[in-house]
1. Output the qualifying pairs, or none if there are none: Cβ atoms under 6 angstrom, residues six or more apart or on different chains, first residue in region B:20-48 and within 18 Å of B:Glu198 (Cα to Cα) and β-branched (Val, Ile, Thr), second residue open to solvent by 20 Å² or more (accessible area, probe 1.4 Å) and away from ligand 2 (no atom under 16 Å from the Cβ).
2. If you go through region B:147-160 one residue at a time, how many are more than 12 Å from chain A (Cβ to nearest Cβ) and in contact (Cβ under 8 Å) with a residue 12 or more places away in the chain?
3. If you go through region B:1-37 one residue at a time, how many are in a loop (DSSP other than H, G, I, E, B) and more than 13 Å from ligand 2 (Cβ to nearest atom)?
4. Where in region B:59-114 are there helices (runs of 4 or more DSSP H), lying wholly inside it, with at least 1 residues that are farther than 14 Å from B:Gln142 by Cα and at the interface with chain A (Cβ under 7 Å from one of its Cβ atoms)?
5. Kindly evaluate B:Thr15 against the criterion of being within 12 Å of ligand 1 (Cβ to nearest atom), without any contact (Cβ under 8 Å) to a residue 24 or more places away in the chain, open to solvent by 20 Å² or more (accessible area, probe 1.4 Å) and in the same structural domain as B:Tyr128 (by TED's automatic domain parsing).
6. Looking at region A:25-43 only, could you name the residues that are free of Cβ contacts under 8 Å to residues at least 24 places away in the same chain and of a type outside the set (A, V, I, L, M)?
7. For region B:58-86, which positions are buried (at least 18 other Cβ atoms within 10 Å of the Cβ) and farther than 20 Å from A:Glu136 by Cβ?
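The values are calculated or read from the model by the stated rules, or taken from the named source; none is laboratory data. Small disclaimer: the values here were computed from a predicted structure and weren't measured. Cβ placement follows ideal geometry from the backbone for every residue including glycine, while neighbour counts extend to all protein chains displayed. In case anyone asks, the SASA skips ligands and DNA or RNA and just uses the protein heavy atoms, side chains included. Shrake-Rupley method; radii C 1.70, N 1.55, O 1.52, S 1.80 Å.
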Amino acid sequence: MNAVLTWLTDGAHWQGYDGILQRTWEHVWYSAIALAIAAALAIPLGLWVGHTGRARFLAVNLTGALRAVPSLGLLFASIMVLGSRLDGELATLVPTELVLVVLAVPPILAGAYAGVEQVDAAARDAARGMGMRGSEVLFKVELPCALPLISSGLRSAALQVVATATLAAAVGLGGLGRFLLDGLAVRDYAQMAGGAILVAALALLIDLVASTLQRVVVSPGLTGKTDRRDNALRRLKTTAAS
Amino acid sequence: MIRFDSVTKEYPDGTVAVGGLDLTAPDGKITVLVGPSGCGKTTSLRMVNRMIEPTGGRILVDDKDTAKMDAAELRRGMGYVIQQAGLFPHRTVADNIATVPRLLGWDRRKSRSRSLELLERVGLPGEYADRYPHQLSGGQQQRVGVARALAADPPVMLMDEPFSAVDPVVREQLQDEFLRLQSDLGKTILFVTHDIDEAVKLGDQVAVLRVGGQIAQVADPATLLGDPHDDFVADFVGRDRGYRGLGFRTAPVLEPSPEPTVRLGAGVDEVRRSGDQWLLVADDDNRPLGWVEPSRITAPLVTEDLHRGGTVAVLGGSSRAVLDAALSAPSRRGVLVDDDGRLVGTVTLAEVAAAIEQAVGRGKR
Ligand SMILES: Nc1ncnc2c1ncn2[C@@H]1O[C@H](COP(=O)(O)OP(=O)(O)OP(=O)(O)O)[C@@H](O)[C@H]1O
Ligand SMILES: [Mg+2]
């Protein structure tokens with residue numbers, strides 16, 4: 001344990017092209033690309049499925065099937081297929097991102113369509129009955145009401161992607177996975193454990209940021225977290241009055 | 001004016017929910033659709049704003065065929081209130097109310113002040129503007145639902161069992177407020193309920209539907225209660241329709257007898273002077289407070305001595321109220337007051353009965 005601490009706190013390990021900062025940056029970068037692509041695919045698809053009620057069985061089966069894909073197997077298979085057709089770093093980066101995207105799509109897709117589906121039928125009926133058109137119902141009612149589930153889908157995707165992005169190192173790329181593999185190669189267990197701790201810490205940090213963001217974008221009317229604000233308002237009023 | 005012209009709705013599975021409905025909902029009046037569950041009330045209502053498309057016939061609003069209008073625009077011009085209120089949980093009360101004004105492109109400030117105005121109209125305090133729906137009771141949510149439907153001041157309102165999800169006491173309140181609101185606003189309202197009491201209380205015109213969406217009878221409430229068209233309507237209207245029907249007859253010609261009164265604080269001698277078994281107590285403005293039994297009074301009159309059982313009827317009010325006043329008074333003399341609540345006199349049960357009989361008889365012959 002002491003050895004791990006020593007490894008983590010050694011300033012020299014943080015610097016340079018293979019230092020902790022650089023590796024963390026790479027790790028975040030791989031994860032962010034995958035999440036952005038997955039969200040760009042899965043959120044519109046999920047909203048459409050939830051809004052129209054069409055192709056629901058497809059969405060359900062797709063999420064199930066994608067969840068069953070073994071990441072490592074997909075990684076090697078896609079390197080074999082794609083690797084020879086791409087140049088340089090792309091030959092390994094594209095397959096890695098593919099694996100991460102496949103991992104991230106199911107929770108995001110499920111969050112999006114379930115989020116829209118669970119919107120109160122009466123609210124949706126009222127929205128149409130007051131003269132909202134289809135897209136207005138989607139963007140003014142269904143999407144805002146689906147935000148809690150969409151964002152929890154995104155958060156669980158982010159956790160999985162950050163943990164799995166360590167695979168990048170297995171195909172010669174960077175990221176925090178390097179410390180795990182390089183440590184293993186030279187039997188430097190302190191480095192391996194340190195790497196694992198860094199991945200976990202990064203995942204926690206990202207989740208913390210995400211939960212803060214969630215609190216900002218999700219209406220307090222949906223979370224029921226109106227009390228704190230109400231109390232603050234009441235206090236303000238009483239101080240103003242006195 | 002909303003006009004159904006042989007309107008039919010056959011669902012894809014072959015269910016004929018509405019079979020050839022002809023009905024006119026006149027301007028500025030409340031037309032109630034009432035009938036047993038599954039008789040096609042909701043379907044009829046929702047065909048007006050084209051939430052459901054008819055499979056036959058036409059629906060005209062102000063003589064314009066709704067089928068030829070843009071559905072979203074048609075709906076923006078009609079208030080729509082549903083049973084579960086259907087408020088948007090992510091929006092504050094004020095933003096909920098401002099929905100249609102915002103859709104119509106009003107600016108933020110104008111929409112907001114309209115919301116506050118309506119909040120007051122439906123009897124909710126201004127502080128509620130920035131609350132969220134989950135912070136309101138069912139009755140309050142329903143008020144907001146009504147305010148939201150009124151926001152852009154549509155001439156037509158469609159209401160599907162708006163008060164049936166709340167408890168009876170709140171329902172009564174909401175109905176009374178709704179009638180008050182309507183007497184100010186004079187909207188053309190189509191109102192759906194399965195509750196005949198609500199129908200006769202609210203409706204200027206009541207259409208009783210039977211299963212299959214056919215009209216059994218269209219009439220004003222008094223006629224419906226007094227002269228049901230057939231067994232189905234008579235059954236639906238209920239057993240005590242005779243008594244309830246009195247609620248729609250203005251009181252028969254009555255000649256109230258003067259009633260001696262005493263004030264609170266009157267001494268034992270004064271109270272016992274009349275020798276009657278029951279004595280009416282009134283305040284300084286001659287407003288009746290209650291009856292006392294002089295034989296039981298042993299000290300100057302206090303509030304606790306009052307018998308509160310009797311109801312009070314307004315002279316010129318309904319026969320039902322007068323009859324109830326006579327029935328409920330321990331003295332069997334019904335207390336009548338003027339519009340300001342001041343005592344006019346009393347009538348006996350026999351006098352009320354005779355007068356009602358005369359009035360009913362007059363109506364028949
Ligand atoms: N989408 C649908 N598909 C098939 N049949 C339907 C559909 N909607 C309603 N129905 C049928 O049409 C008939 C009328 O339904 P509607 O909802 O108009 O009744 P209602 O008078 O409002 O009843 P309630 O008082 O229970 O609300 C019923 O027999 C119902 O089963
Ligand atoms: Mg119904």
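1. B:Ile30/B:Asp204; B:Thr31/B:Gln205
2. Looking only at that region, the number is 3.
3. The total comes to 10.
4. In region B:59-114, B:71-76, B:99-103 are the helices (runs of 4 or more DSSP H) which contain 1 or more residues that are farther than 14 Å from B:Gln142 by Cα and at the interface with chain A (Cβ under 7 Å from one of its Cβ atoms).
5. yes
6. Listed by number, the residues that qualify are A:Trp25, A:Trp29.
7. B:Ile59, B:Val61, B:Thr66, B:Gln83, B:Gln84
Listed here are the residues, each with its yes/no results for (1) farther than 17 Å from B:Gly28 by Cα; (2) modelled with pLDDT under 95; (3) touching an Asp or Glu at 6+ places or on another chain (Cβ under 8 Å).
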residue	(1), (2), (3)
B:Phe163	yes, yes, yes
B:Asp167	yes, yes, no
B:Glu172	yes, yes, no
B:Asp176	yes, yes, no
B:Arg180	no, yes, no
